[in-house]
Amino acid sequence: MRKFLGSLIAAASVVSATVPTLRAPACAVGKGSVEYSKSVPDGGPFPRTQVGVCYSETAIEITFTALEEEHFFFNASQGTNDAIWEYEVMEAFVHRGTNDPQTYLEFEVNPNNVTFQAFIHNPSKVRAAGRAFDTFFVAQPLADGLAARTVLDRAARTWTSTATVPLGLFNVDPGRARGTAWRMNFFRTVVAPDTFPDQLLGAWSPPDQPSFHITPFFGNVYFV
Ligand SMILES: *[C@@H]1O[C@H](CO)[C@@H](O)[C@H](O)[C@H]1NC(C)=O
Ligand SMILES: *[C@@H]1O[C@H](CO)[C@@H](O)[C@H](O)[C@H]1NC(C)=O
């Protein structure tokens, strides 16, 4: 739903947002962590979701933890780069730099360990009606070093996915991540078989519309 609702935003809309900040260390030191429990766009209650971020010599490591999960709902017929966002996923949108991005990586993982990865070209920064919105799929994520590991704990109502995102996708050479500045946002979708396709949406930095593609809301991330 959100992909279509997002396109209703008027081209003239000007968004300015106050966004949160995450400082993330080298993985050898630990992880920078955030927790969110706010829905998109109203900021209402949402299942607790944690994200941990650190950097290694060659990659960003992102650990997504979905707490209070009731459905673990995915479509088993879906594979790499399919529309897994119609069901339940956790997501990171990633841009190296400090500006509100027009182009960024969209990474998603579902409870079945299936991933979606694409660079998005969104020149309006808000997915405005009548403006370009293009998706450049990363066709061979494993060959590129983009991978996930997923563990479900149905008794604890938790699922955790850890993603490895190569720094080279953002032209950060090996060993050069420290001191770099990023814009990121983290998202989760919640939907059950009996409520499909109407999703509950959640975000670290909730946009003001039921769309994830509003980049002025991306938070600040610093690799320290
Ligand atoms: C899963 O996807 C397939 C293929 O698109 C579709 O036929 C099927 O209805 C979907 N299942 C669910 C549970 O949505
Ligand atoms: C998940 O997918 C990755 C590739 O992205 C694979 O390496 C891993 O073995 C898969 N399985 C689990 C349980 O994480």
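Is it true that SER211 is touching a residue at least 24 places away in the same chain (Cβ under 8 Å), small (Gly, Ala, Ser), part of a loop (DSSP other than H, G, I, E, B) and closer than 15 Å to SER33 by Cα? Can you show your working first?
On the way: touching a residue at least 24 places away in the same chain (Cβ under 8 Å): yes; small (Gly, Ala, Ser): yes; part of a loop (DSSP other than H, G, I, E, B): yes; closer than 15 Å to SER33 by Cα: no.
For SER211, the condition - touching a residue at least 24 places away in the same chain (Cβ under 8 Å), small (Gly, Ala, Ser), part of a loop (DSSP other than H, G, I, E, B) and closer than 15 Å to SER33 by Cα - is not met.
In the range 156-208, how many are in a loop (DSSP other than H, G, I, E, B), of a type outside the set (Gly, Ala, Ser) and within 16 Å of ligand 1 (Cβ to nearest atom)? Can you show your working first?
So the first thing to find is which residues in the range 156-208 are in a loop (DSSP other than H, G, I, E, B), and the list is 156-157, 171-180, 191-199, 204-208.
Subsequent filtering for residues that are of a type outside the set (Gly, Ala, Ser) retains 157, 171-174, 176, 178, 180, 191, 193-199, 204, 206-208.
In the following step, the residues that additionally are within 16 Å of ligand 1 (Cβ to nearest atom) were identified as 191, 193-199.
Qualifying residue count for the region: 8.
Would you mind listing the strands (runs of 3 or more DSSP E) fully within the range 55-153 where at least 1 residues are within 14 Å of ligand 2 (Cβ to nearest atom) and surrounded by 14 or more Cβ atoms within 10 Å (Cβ to Cβ)? Give the steps one after another, and end with the answer.
Working: elements: 59-66, 90-96, 103-109, 115-121, 134-137, 147-153.
Of the strands (runs of 3 or more DSSP E) lying wholly inside the range 55-153, those with at least 1 residues that are within 14 Å of ligand 2 (Cβ to nearest atom) and surrounded by 14 or more Cβ atoms within 10 Å (Cβ to Cβ) span 59-66, 90-96, 103-109, 115-121, 147-153.
All of the numbers you see were taken from the coordinates with simple rules; none came from a lab. Bear in mind that the values here come from a model prediction, so they are computed numbers and not experimental data. All Cβ positions, even for glycine, are placed from backbone atoms using ideal geometry, and neighbour counts span all protein chains on display.
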